[in-house]
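One structure is given below, encoded as structure tokens.
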Amino acid sequence: GKMSALGSLGSGVARATGINGAGTVVGMSFLRGFTAQHAFTYTQGVRQVLGPLGGPTSTAAAINERGEVAGMSFVNDEIQHAFLYRGGAMLDIGSLGGPYTDARALNNAGMVVGYSTQANHVPGASFSHAFLYRDGVMHDLNDLVAKRGIWTVLDAVGINDAQQIAAYACTLYGECRAVLLEP
């Protein structure tokens, strides 16, 4: 029945986005003056700023039991990439060729899922593909799904330790579904 404020990075505005079994919370907070936001972890009263990959903003989405964090960060003022934070360092895990990538979840093996725009991305259009990042390589989940027919997996939002992935898929005709991808 206890609620604890996690604080902020100077703005008074912060958001928690994930927690692991050890009670470490991840999230984002705006900086003083609302000039940017940075990803953070919070453990037993201690907040650690993860910082960005070079641009002004980062947000954490999830944390696993090993303390690894997945999220997104701007690389510069225009390009946003997913990251994996492990061993005290933020690793840019890249994209599927387009300028926007966002990590949504990770499992205890450090496999990350999310979405990425493609190299032929048109600004204003919502054209993304779900990705799986494992063993240092980002994979388009559509290339890994057998017999997907007319469906395109656009976003992956969860992955468990059995490597099952919760995702969102649509057809070219606008029919969309929640889907479960299994190894």
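The mean accessible area for residues of the range 2-61, using a 1.4 Å probe and ignoring ligands and nucleic acids, is 52 Å² per residue. For the chain, the fraction of 1.4 Å probe accessible surface lying on carbon and sulfur atoms is 53 percent. When the helix-only estimate is applied to the chain (DSSP H runs of n ≥ 4, each -39,500 (n - 2.57), divided by the residue count), what is the mean residue ellipticity at 222 nm, nearest 500 deg cm²/dmol? Roughly -500 deg cm²/dmol at 222 nm, from the helical runs in the chain.
Take the chain and mark each of the chymotrypsin sites (Phe, Trp or Tyr not before Pro) that is in a DSSP loop with at most 16 other Cβ atoms within 10 Å; the longest unmarked stretch, sites excluded, is 1-126.
Neighbours of residue 8 by Cβ distance under 12 Å: Lys/Arg scored +1, Asp/Glu scored -1, total +3. Convex hull volume of the Cα atoms of the range 38-88, normalised per residue: 66 Å³. Once all protein chains are placed together, residue 66 keeps about 140 Å² accessible to a 1.4 angstrom probe. For the chain, averaging the sequence separation of C-alpha pairs within contact (under 8 Å, six or more residues apart) and dividing by the residue count gives a relative contact order of 11 percent.
Phi-derived couplings, Karplus 6.51 cos²θ - 1.76 cosθ + 1.60 at θ = phi - 60°, listed residue by residue for the range 177-183: 8, 6, 9, 10, 9, 10, x Hz, with x used for Gly and Pro. Let me make sure I get this right: for the range 93-183, a, b and c are the square roots of the gyration tensor eigenvalues over alpha carbons, sorted descending. Under 1.5 in a/c it's rounded, otherwise prolate if a/b > b/c, else oblate. Which is it? Since a/c reaches 1.5 but b/c is at least a/b, the shape of the range 93-183 is classed as oblate.
For the range 63-154, GluC sites (Glu not before Pro) are listed when DSSP marks them as loop and at most 16 other Cβ atoms sit within 10 Å of their Cβ; the list is 65, 78. Per residue, the solvent-accessible area of the range 75-183 (1.4 Å probe, heavy atoms of protein chains only, all protein chains present) comes to 53 Å². Per-residue packing, averaged as other Cβ atoms within 10 Å, sorts the ranges 152-160, 4-12 into the order 152-160, 4-12, beginning with the highest.
The values are calculated or read from the model by the stated rules, or taken from the named source; none is laboratory data. Predicted model only: the values in this text are computed from it and were never measured. Every residue, glycine among them, receives a Cβ derived from its backbone with ideal geometry; neighbour counts consider all protein chains shown. For the accessible areas, the whole protein counts, side chains as well, though only heavy atoms, and no ligand, DNA or RNA atoms are used. Shrake-Rupley method; radii C 1.70, N 1.55, O 1.52, S 1.80 Å.
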